[in-house]
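Here's the structure, in structure tokens; my notes come after.
Laboratory data are not the source of any read-out in this text; all were calculated from the coordinates shown. Since this is a predicted model, take the numbers as computed values, not measurements. So basically every Cβ, Gly included, is an ideal-geometry build from the backbone, and we count neighbours across all protein chains shown.
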Amino acid sequence: MVLKVPENEKLVRLLLFVVRLILLSVPLYLVIVLGISMLPLQQAVAAHSEWLISASGFDVSSMGLVLVCGPGEPFTFYIGEDCTGWKSMMLLFALMFATMEAGYRRKLLGLAVGIPLIYAANLLRILAVVFTESLYGYDTAMFVHDWLWQLGLLAVVLVIWLCWLKWDRLTAKLRKHIIALREK
């Protein structure tokens with residue numbers, strides 16, 4: 001059976017996207033294998049989390065990367081490397097740069113908007129876990145942290161990427177339309 005050319009083209013484009021995505025995921029593994037420190041990002045997340053938790057009405061204090069929260073019986077948690085959202089940011093980078101249609105400027109613009117959104121979503125994740133622990137205890141907070149927010153942050157990355165992709169395609173059509181109008 002002979003496939004139509006457009007079908008072959010779609011399969012080739014999908015294969016190229018997947019290959020590019022895999023290659024652009026290599027830095028993620030290099031950071032992990034080489035043990036590159038995320039300390040500056042951890043410190044920023046800890047400071048911003050402390051501010052956000054405090055602004056939400058909790059008594060909170062920090063000891064470096066450890067936050068102690070109240071009210072009531074205080075509980076502590078550590079802002080580890082995986083608490084920074086860096087893997088989600090790397091995934092967004094890989095998704096955007098694996099997309100072949102967009103130019104580098106539009107990819108960088110997408111990252112300039114997308115990375116702060118991921119950072120903010122990650123801070124909300126931390127706040128949600130604090131609220132959950134204060135209301136329902138450690139076990140429920142760990143379920144929320146380990147399952148709901150892991151999937152939630154992945155969903156945030158995919159939604160940002162899909163919105164960026166839609167925006168990029170709409171602006172590309174608009175640019176073509178404007179060029180066509182100028183040529184008339």
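Brief remarks on what is shown
- Taking Asp59, Asp139 and counting other C-beta atoms within 10 Å, the order from fewest to most: Asp139, Asp59
- In terms of distances greater than 27 angstrom between alpha carbons, the cross-link table entries Lys107/Lys173; Lys87/Lys173; Lys87/Lys107 yield Lys87/Lys173.
- Listed candidates [x] 8, 28, 28, 19, 11, 5, 1, 0; [y] 10, 28, 20, 16, 12, 9, 4, 1, 0; [z] 9, 38, 36, 15, 2 - label of the one calculated as P(r) over Cα pairs in 10 Å bins from 0, in percent: [x]
- Each 10 Å bin from zero holds the following percent of Cα-Cα pairs in region 81-148: 20, 38, 24, 14, 4.
- Computed from Cα positions, the angle between helix 149-183 and the longest principal axis of the chain comes to roughly 30 degrees.
- Cα-derived Rg over Rh, computed across region 134-176 with Rh taken as Kirkwood radius: 1.39
- Two-site label geometry, Leu23 and Met142: point separation in nm, points 7 Å out along Cα→Cβ: 4.2
- Fewest-first ranking of Glu183, Glu101, Glu133, using other Cβ atoms within 10 Å as the exposure measure: Glu183, Glu101, Glu133
- Fraction of the pair-distance distribution of region 100-139 above 11 Å, Cα-Cα pairs, percent: 68
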